[in-house]
Amino acid sequence: MIKVSNLHKSYGATLALDNLDFEIGHGQILGLLGPNGAGKTTILRILTGFMPPDGGTVELSGRDLFAHGRELRRRTGYLPEHNPNYPDLSVRHNLEFQGGLYGLHGQVLRTACARVVAECGLTGMEQRAVRELSKGFRQRLGLAQALLHDPDIIFLDEPTSGLDPVNVKDLRELIRSFSGRKTVVLCTHVLSEVESTCDRVMILNRGRCVLEGDLAELSRRHQQGSALYGVRVSLPDGSEPAWSELTSVRSARRIDESPVCWQITMDDNPESPAQLAAWIQEQGGSLYELREQRTGLEDVFLEVIRGEERV
Amino acid sequence: MNVFLTIFRRETRALFLSPLAGVVGGFFLLLNGALCWFNLMEYQRFNIQLALSYRMQGVEPVFLDFNEVLIRQSLEGISLLILGFLPLIGMNLLAEERRTGTLELLMTSPVNEGLLVVGKWCAAQFYVLCLLVAAALSPLFLGLYGPLHWPTILISLLGILLTSGAFLALILFLGSLTHSSIIAAAAGFALMLLLWIVSGFATPGARGFPGGFLNALSAMRHLDPFLRGLIDTGDITYFLVVTVLGLDLTRRSLVSLRGGGG
């Protein structure tokens, strides 16, 4: 559905995108993650045809974006980062204006407006001027504008920024409901948003893709034959366990006190937990808790970005 | 056509409902009314002086021509006022879209850049036309004092509308280059002033380069025949060329934002 090859872009001396390649299939939801200045918004601006790249190609549905821009823009919806809309117009007039730009009019436009008003929770707000709306409703309006012409591909830049938890939950459920039907590229800082809405994730740093894959695969790849355990333990003399004595332990870090809680990375071996429990018993210590932990996206993200910074 | 109407309606609504448009329209009509009143008073005072002077000489008094002097002065006043207010009318058409980010919505839609530019320009021209019609009520009101020469009035209004169209196209182009409405208005005003006074650097009636060129470039020189009730195809061509040039430069400026893509 979306194929990006060798995309690069600079702002003066600053490299924003560095020969980026990726593909997204139909119906997939891709989360673009990265620290500030990683190039996330630049990618969206290029994919929506707002900004030209310095080089590379972008294909949407097998057609070159820069050769068939107008035709392809008809099939994409976009919620920009700061969600611009016309504050002097009402919700209905903003939607009608947006629909008009996409060639919708008459009954088709009215039906489309009614659909997105219901879908985005704007019922009862149609006559209100945008300047009178809360941030949450403005964000809903931005999303409604992006969905109005029923696009195949949707680009969302920080869609939940500034929303309260209830709005965030509703919006994530709406985005999640697109899975399998529409191709979505979601750009965000919020890791939990990607975990709850996306099928795949791409982590960017300094304009480069440093990690890409589906969430479960990334977690497995990050663990690399290791398993993560949370252990609450205390030794009789109050000393710290000498974890290095256990050959299956790869690393350990203390994350809590009384009783001391450790996060242990061990070989991904079914016998590892039993060995750990037996070793603590040998030391005369008490084991309060031992549970396997899943490597979260946050661990993967931090590890990757810190690794990049070390390099 | 539907896309054009969508843009035209949105811009017209913004122009008529924005507080700035209200202030611009209000001040324009106030100044125009004051100018008309001042012209009428001056016309009366001058005619009384003239009558007294003729009476002292024992000659039958001849008064200043009503249309040639009073109505023409009023129409010249309208033309100067409307040109003075044009930068304020045109400054927000694109610069504001850039500043607030709504240009991103427009440019990521399938809308044709040319249609976008023409839609905005037509809406601004429509606003100017409404101001002109309202302002023209003052000289028409002066018709109570004498017979109006309608062809001159209508040709004058056509000339003012052509001039505003040309200048609005240039201001639209300048607005497409900046995020700041103030910069767009200031640059627009400077460019208009330059085109207005450029013939001042040349000898009247000069031919060739640079005198003839500067005279040909002057908007004032091309508007003046309209205010005298004369239609010259050369003058119409001048305003149409400047208008098309301004609109096409604006379109190109928007296309270049996308890197020339379609």
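Go through B:G77, B:V198, B:G101 and say which Cα lies farthest out towards the positive end of the charge dipole of region B:2-260; charges sit on Cβ, +1 for Lys and Arg, -1 for Asp and Glu.
With unit charges placed on the Cβ atoms, the residue in question is B:G101.
If you average the sequence gap of Cα pairs under 8 Å that are 6 or more apart and divide by the length of chain A, what percent do you get for the contact order?
Working: 546 pairs, mean separation 61.3, N = 311.
Computed over chain A, the figure is 20 percent.
Taking the Cα centroid of region B:152-192 and of region B:194-262, what is the distance between the two, rounded to the nearest whole Å?
What the calculation gives is 11 Å, centre to centre.
Taking springs between alpha-carbon atoms closer than 10 angstrom, which of B:E60, B:E76, B:E96 fluctuates most in the Gaussian network model of chain B?
B:E60
Among the listed pairs A:K3/A:K169; A:K9/A:K169; A:K9/A:K40; A:K40/B:K120, give every one whose C-alpha distance is greater than 23 Å. It would help to have the intermediate numbers written out before the result.
Values: A:K3/A:K169 30 Å; A:K9/A:K169 34 Å; A:K9/A:K40 12 Å; A:K40/B:K120 32 Å.
Distance filter (> 23 Å) returns A:K3/A:K169; A:K9/A:K169; A:K40/B:K120.
What are the equivalent ellipsoid semi-axes of region B:2-260, built from the alpha-carbon gyration tensor (square roots of five times its eigenvalues), in whole angstrom, biggest first?
Equivalent ellipsoid semi-axes, largest first: 39, 21, 15 Å.
Given +1 on the Cβ of Lys and Arg, -1 on the Cβ of Asp and Glu, and no further charges, what dipole in debye does the protein assembly as shown carry about its Cα centre, rounded to the nearest 20? Let's see the in-between values first.
On the way: 50 positive and 56 negative charges, 391 e Å.
Here the protein assembly as shown has a charge dipole of around 1880 debye.
In whole angstrom, note down how far apart the Cα centers of region A:77-107 and region B:63-89 are.
What the calculation gives is 41 Å, centre to centre.
Evaluate the Debye formula for the protein assembly as shown with equal point scatterers sitting on the alpha carbons, no solvent, and hand back log10 of I(q)/I(0) at q = 0.06, 0.08, 0.13 Å⁻¹, in q order, two decimals.
-0.48, -0.71, -1.25
How big a patch of accessible area, both sides summed and in Å² to the nearest 100, lies buried between A and B at a 1.4 Å probe? Spell out each step's value before the answer.
Working: alone 15250 and 13620 Å², together 26360 Å².
Adding both sides of the contact gives about 2500 Å².
For chain B, modelled as a Gaussian network with Cα springs under 10 Å, which listed residue fluctuates most, B:I236, B:I197, B:I48?
Among B:I236, B:I197, B:I48, the largest GNM mean-square fluctuation belongs to B:I48.
With a 1.4 Å probe and all protein chains left in place, how much of the accessible area of chain B comes from carbon and sulfur atoms, in whole percent? Each step should come with its number before you reach the end.
Values: 8810 of 12330 Å².
Whole-percent figure for carbon plus sulfur exposure: 71.
Provide the per residue accessible area, probe 1.4 Å, for region B:2-260, rounded to a whole number of square angstrom. Numbers along the way, then the final one.
Working: 12120 Å² over 259 residues.
With the other protein chains kept in place, region B:2-260 gives 47 Å² per residue.
Report the one residue of B:M41, A:G213, A:T123 whose Cα lies farthest in the direction of the positive end of the charge dipole of the protein assembly as shown (charges on C-beta: Lys and Arg +1, Asp and Glu -1; origin at the Cα centre).
In the protein assembly as shown, that residue is B:M41.
Give the carbon-plus-sulfur fraction of the accessible surface of chain A in %, rounded to a whole number; probe 1.4 Å, heavy atoms of protein chains only.
Working: 6620 of 14040 Å².
Carbon-and-sulfur percentage of accessible area, whole number: 47.
What number comes out for accessible area per residue over region A:235-288 if the probe is 1.4 Å? Units Å², please.
Result: 62 Å² per residue.
The values are calculated or read from the model by the stated rules, or taken from the named source; none is laboratory data. Remember, it's a predicted structure, so these values are computed and weren't measured experimentally. Please note: Cβ atoms are built from the backbone with ideal geometry, for glycine as well, and neighbour counts cover all protein chains shown. For accessibility, only protein heavy atoms count, side chains too; no ligands or nucleic acids. Shrake-Rupley method; radii C 1.70, N 1.55, O 1.52, S 1.80 Å.
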